[in-house]
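**Student:** Before anything else, here's the structure in question.
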Amino acid sequence: VDTVSDPPPSSEMKQAAERGALLHSLFERLPAVDPARRAESAERWLRDSAGVTDAAMRQALLVDALRVIDEPHFAAIFEPDALAEAPLAGVVEGQVIAGTVDRLLVNEAEVLVVDFKTGRRVPASADTISPHHKAQMAAYAAVLRGIFPDHEVRAALLYTSGPKLIHLSGADLEPYKPGYHNQQDNLAAAG
């Protein structure tokens, strides 16, 4: 039982969470839309389906989403063959891991899993990414290695406010992979 209560979220936290959810929805919907119609489609969806009544907020979300989707360096992430909001589940080192990955690209030789981060702070490099996010990506990569044993599995985080794509190497993820700390604890106890 969790006996520690979290304080209620501030209005800024609620707005950031709402902004992030709306951007995720746009990243899921817009890549399949003809580029010439994306702005119109985003505006209509934000207004009619998402219920965003503030025109300035709709415009800011639209600009942010299109800036990321239209960035040539991110083209593969938003190509039609990339899976959006792909469910992922598996057992790794006795742990059940389940989640939904923002983007999953699978080809004959490799798998790339990408998670979007919509906060305002963008890490300078993989070294400064939070341990929580590294653990999340290490878990996803471990599950994908089990599903695609003959593929190279790569992981990246896309910070949308940059926008900046940061690839996470095996060395970045190794200390955070499922079971790693248990293995290290066992080795330390044996030595």
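**Student:** Within the stretch 47-63, which residues are over 14 Å from Ser25 (Cα atoms) and either polar (S, T, N, Q) or in contact with a strand residue (DSSP E or B) (Cβ under 9 Å, 6 or more places away or on another chain) (or both)?
**Tutor:** Thr53, Gln59
**Student:** Continuing with this model, one more query. Among the residues of the stretch 79-113, count how many are assigned to a strand (DSSP E or B) and of a type outside the set (Val, Ile, Thr). Steps first, please.
**Tutor:** Within the stretch 79-113, the first condition is being assigned to a strand (DSSP E or B), and the residues that meet it are 83-92, 95-106, 110-113.
Now restrict to residues that are of a type outside the set (Val, Ile, Thr): 83-90, 95, 98-99, 102-105, 110, 112.
Within the stretch 79-113, residues that are assigned to a strand (DSSP E or B) and of a type outside the set (Val, Ile, Thr) number 17.
**Student:** Still on this model: Could you grab me the full set of residues in the stretch 56-93 that are among the hydrophobic types (A, V, I, L, M, F, W, C) and open to solvent by 60 Å² or more (accessible area, probe 1.4 Å)?
**Tutor:** Correct list: Ala56, Met57, Val63, Leu83, Ala89, Val91.
**Student:** Out of (1) part of a strand (DSSP E or B); (2) farther than 26 Å from Leu22 by Cα; (3) open to solvent by 40 Å² or more (accessible area, probe 1.4 Å); (4) modelled with pLDDT of 95 or more, what's the single condition that is false for Val153?
**Tutor:** Val153 satisfies every listed condition except (3).
**Student:** On to the next question. Starting from residues that are free of Cβ contacts under 8 Å to residues at least 12 places away in the same chain and open to solvent by 40 Å² or more (accessible area, probe 1.4 Å), keep the ones in the stretch 24-45 and report whichever is nearest to Val63 (Cα to Cα). Show your work before the answer.
**Tutor:** Initial filter on the stretch 24-45 (free of Cβ contacts under 8 Å to residues at least 12 places away in the same chain): 33-34, 36-37, 40, 44.
Next, from what is left, pick out any that are open to solvent by 40 Å² or more (accessible area, probe 1.4 Å): 34, 36-37, 40, 44.
Numbers: Asp34: 16, Ala36: 14, Arg37: 14, Glu40: 12, Arg44: 14 Å.
Applying the filter and picking the extreme gives Glu40.
The values are calculated or read from the model by the stated rules, or taken from the named source; none is laboratory data. Only a predicted model underlies this, so the values are computations on that prediction, with no experimental measurement involved. Note that we place each Cβ from the backbone using ideal geometry, even for glycine, and neighbour counts take in every protein chain shown. Accessible surface is based on the protein model in full, side chains and every heavy atom, while ligands, DNA and RNA are left aside. Shrake-Rupley method; radii C 1.70, N 1.55, O 1.52, S 1.80 Å.
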